[in-house]
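Trainee: Input: one structure, supplied below.
The values are calculated or read from the model by the stated rules, or taken from the named source; none is laboratory data. Remember, it's a predicted structure, so these values are computed and weren't measured experimentally. Note that each Cβ is placed from the backbone with ideal geometry, even for glycine, and that neighbours are counted across all protein chains shown.
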């Protein structure tokens, strides 16, 4: 059985981040692709760059469980076997 995997373009923004977190919380493997390297770095460290109610707890849990990743590299999509 294949794991559920999804890629979100613009995944570190105000719309993509909550969407990605919800998918990750539902046990999808989520790859968030965004050109903002600084925000991607913060998110991968478990730091929210802006306020999003309830997001920090989900972010930390999904990062710990390797369910979400933030990158600017579109090549990562091929690695995710989407």
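Trainee: Looking at this structure, is residue 33 in contact with a strand residue (DSSP E or B) (Cβ under 7 Å, 6 or more places away or on another chain) and modelled with pLDDT of 90 or more?
Mentor: When the stated conditions are applied, residue 33 passes them.
Trainee: Sticking with this structure for a sec: Can you work out which of the residues in the stretch 5-21 that are in contact with a strand residue (DSSP E or B) (Cβ under 9 Å, 6 or more places away or on another chain) and within 14 Å of residue 54 (Cα to Cα) is surrounded by the fewest Cβ atoms within 10 Å (Cβ to Cβ)?
Mentor: Filtering the stretch 5-21 for residues that are in contact with a strand residue (DSSP E or B) (Cβ under 9 Å, 6 or more places away or on another chain) and within 14 Å of residue 54 (Cα to Cα), the one surrounded by the fewest Cβ atoms within 10 Å (Cβ to Cβ) comes out as 19.
Trainee: Could you identify the single residue in 29, 36, 40 that is surrounded by 13 or more Cβ atoms within 10 Å (Cβ to Cβ), more than 12 Å from the chain's Cα centre (by Cα), without any contact (Cβ under 8 Å) to a residue 60 or more places away in the chain and within 18 Å of residue 77 (Cα to Cα)?
Mentor: So the residue among 29, 36, 40 that is surrounded by 13 or more Cβ atoms within 10 Å (Cβ to Cβ), more than 12 Å from the chain's Cα centre (by Cα), without any contact (Cβ under 8 Å) to a residue 60 or more places away in the chain and within 18 Å of residue 77 (Cα to Cα) is 36.
Trainee: Considering only residues that are in contact (Cβ under 8 Å) with a residue 40 or more places away in the chain and over 16 Å from residue 27 (Cβ atoms), which ones fall in the stretch 45-80?
Mentor: Within the stretch 45-80, 70, 71, 73, 74, 76, 77 meet the criteria.
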